[in-house]
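Values in this text are rule-based calculations from the coordinates and carry no lab data. Owing to the predicted nature of the structure, the values given are computational and were not obtained by experimental measurement. When we count neighbours, we look across all protein chains shown, and the Cβ atoms used for this are built from the backbone with ideal geometry, even at glycine.
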Amino acid sequence: MSEGSPIIRFYRGSAIIGTAPADPETPLVEIAEHAGVTIPTSCTSGNCGTCLVRLVRGTVELPEELPPGLDEDLVADGGILTCCLYTSGSCDIDVIPPL
Ligand code: FES
């Protein structure tokens, strides 16, 4: 990997638990798997919110219409659904979802 390639870092609170290269074609939950981090999923289609985590730094593309598992309050707290969202840039993600 060349220096400066985008990378996703996974945290549990303040402890880093894994890193993997960013890939805009791969949902974040699979990137987590590449990093050795298991994020629970259920519907895998943006409906249930099981795969909710918190985006600490970086940008994740949100669809114009939020998936049913997300709402504006969660988004304001950094909430993202890893089963159906993607990013091409570096991000820090806390696997502990927003309360
Ligand atoms: S697994 Fe259901 S919203 Fe992601």
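Structure data summary
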{"quantity": "Fraction of beta bridges assigned by DSSP in the chain that are antiparallel (%, nearest 5)", "calculated": "75 percent"}
{"quantity": "Charge tally in the Cβ shell below 15 Å around GLY49, where Lys, Arg are +1 and Asp, Glu are -1, GLY49 excluded", "calculated": "-3"}
{"quantity": "Under-5 Å amide H pairs with TYR11, H placed in peptide plane, nonlocal only", "calculated": "ILE17, ILE93, ASP94, VAL95"}
{"quantity": "Computed helical MRE - 222 nm, the chain, DSSP H runs ≥ 4 contributing -39500 (n - 2.57), nearest 500", "calculated": "-2500 deg cm²/dmol"}
{"quantity": "Surrounding net charge for ILE93, when Lys and Arg each add one and Asp and Glu each subtract one, Cβ distance under 12 Å", "calculated": "+2"}
{"quantity": "Computed over the chain: relative contact order in percent, which uses C-alpha pairs under 8 Å that are six or more apart", "calculated": "37 percent"}
{"quantity": "Measure of compaction for the chain (Cα Rg per 2.2 N^0.38 Å)", "calculated": "0.98"}
